[in-house]
1. Using 0.36 nm per residue, how much length does the chain from A:HIS170 to A:GLN257 gain when fully extended, once their Cα-Cα distance is taken away?
2. Considering only A:GLY304, A:GLY183, A:GLY155, give the residue with the highest GNM mean-square fluctuation for chain A, with springs between Cα atoms whenever their separation is below 10 Å.
3. Apply 1/(1 + (r/R0)^6) to the Cβ-Cβ distance of A:GLN234 and A:ALA285, taking R0 = 30 Å, and write down the FRET efficiency to the nearest 0.05.
4. At 7 Å along Cα-to-Cβ for each site, give me the label-to-label distance between B:GLN97 and A:ASP27 in nm.
5. How far is helix A:243-278 tilted, in degrees, relative to the longest principal axis of the Cα atoms in chain A, given as a value from 0 to 90 rounded to the nearest 10?
6. If a/c stays under 1.5 just call it rounded; otherwise compare a/b with b/c (prolate if a/b is bigger, oblate if not). Do that for the stretch A:146-252, with a ≥ b ≥ c from the square roots of the Cα gyration tensor eigenvalues.
7. Rg and Dmax of chain B over Cα atoms: what are they, in angstrom?
8. Putting +1 on Lys and Arg Cβ atoms and -1 on Asp and Glu Cβ atoms, find which of B:LEU117, B:ASN23, B:ASN75 reaches farthest to the positive end of the dipole of the stretch B:5-119.
Amino acid sequence: MIYLDYAATTPVDPAVAEQMAACLTLDGTFGNPASTTHEFGWQAAKLVETARQQIADLINADPREIIFTSGATEADNLAIKGIANFYKDRGDHIITMRTEHHAVLDTCAFLEKQGFTITYLNPQPDGRLNLAELTAAITDKTILISIMHVNNETGVTQDLAAIGQIAKQHNVFFHTDAAQSIGKLVIDTQTLSVDLISISAHKIYAPKGIGALYVRRKPKVRLQPLIHGGGHEQGSRSGTLPTHQIVGLGSALAIAQQNLIAEQTKLKKLRDYLMRELSTIPQTAFNGNQDHCVPNILSVRFAGIDAEALMASCPELAFSAGSACTSASIVPSHVLQAMGISNEAANSTVRLSMGRFTTMAELEMAVKTIRKQVARLRDLLP
Amino acid sequence: MFYNEKILKLFREPHYAGEFSANTPHVVTAQSGNPGQTDVVQLQLQIINNKIVAAKFKCSGSICTVASAEYLLGNIINKTIIEALSYTSQRIIADLQLPEQRINSALLVEDCLQKVLKNE
């Protein structure tokens, strides 16, 4: 079985798993990091702070700017609701994009029901934000701009530097969901005017169930917490810190930082190969801006092919489709729809995403299989 | 979406996929569905003396439409027209345990069967 769904989740790096395992049992660092009265707690707290430092190092931040959450979804919720509720006296308008992850879109929809006004910007056909449209959408009531760094379906990147500048000029907070970019693209909080960054662990060879939110200290960004009970994480997120999960996130990001350039070079080579080979299949097109994208995600469509049928035809490959099945019908991806891609084309779209353990031999096999099955399915067409 | 092994086997290894050559005698053809909006299925039956002696299908390749067409044809070969008409979409849905969201596949195939037999 060849795994080409790294954008959905990644396996935990064995070196990370080893460090996590050392935080679970009696002979390990199992203590509660909040236990300040004995060695077990002190050791756990030390590991938590090491991990916090590792995350801060990766984005050139102060460790006090890192708040642990259960994942990027909670980080998105904390950032958006936290700003909205804390600064509601200043304004009630939030700007985001239609191509955001549901963690952002559903949170904004929730706030809309609470009386906030949300502007959903459409992307350009290549998936990128039109910066002039962003500027034009800002009003004196705008308190937050939330735009993701890398789109999870297409891999298209947004210009965080430019968006940050616009936000700063208009005195608006800027949040970015970096679930798909953390540890893969350079993010420097000293040069970017970004106030809040959602971080996921399980997309970067760390476990599921842990994430973090970067919250800028200078100038200070305040949040109304979502979870109360104990005042952990400077009161921003209560709940006993899961040492093993946090150690997993910290060590995975340290590994990612160390190998960032080499890994991206390797992935770009793999993606280039995949694009080159797949483009020789007739009536194949790639979604999104191919010059502004991460090297591990490829969104491709084969005209006339049902993506789900293609996946079922390739049981030896694991990848995902551009559409999701709900209880009533097949719903084309909201991302592809927002980019102006027809429902038919969206239903023909598959996402292939590669990672640390993907090999060229695996891609050669994948291309061979996809080529054969696309031809088979096209032979079935009336 | 999860599909059972029966559906997947019919989808992956269809015996009746294809088309009769243009000069094959006693072949009736019909098509159902709207290109670009729904799946499209084409059924061809070779009917001699009121009996279906051979069959072929083509379709835009959603898993359940391929499986439904394949399953239907496998069951109506060597049957009379009256017997073939007893293979309704309800039977396909029940036999294949089609997911609720995919019952349109069986309805489409049934519609096409009705059309092709009407053309006979």
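Quick note: the coordinates plus some simple rules give every number you see, no bench work behind them. The shown structure was predicted, so the numbers you read here are calculated from the model rather than taken from an experiment. As a convention, Cβ positions derive from the backbone with ideal geometry for all residues, glycine included, and neighbour counts pool all protein chains shown.
1. Working: separation 87, 0.36 × 87 = 31.32 nm, distance 3.25 nm.
Gain in length upon complete extension: 28.1 nm.
2. In this elastic network of chain A, the residue with the biggest mean-square fluctuation among A:GLY304, A:GLY183, A:GLY155 is A:GLY304.
3. Details: r = 48 Å, r/R0 = 1.60.
Plugging the Cβ-Cβ distance into 1/(1 + (r/R0)^6) gives 0.05.
4. Calculated label separation equals 4.6 nm.
5. 20 degrees
6. Details: a/c = 2.23, a/b = 1.20, b/c = 1.85.
It comes out oblate by the Cα gyration axes.
7. Taking only Cα atoms of chain B, I get Rg and Dmax of 13.3, 43 Å.
8. B:ASN23
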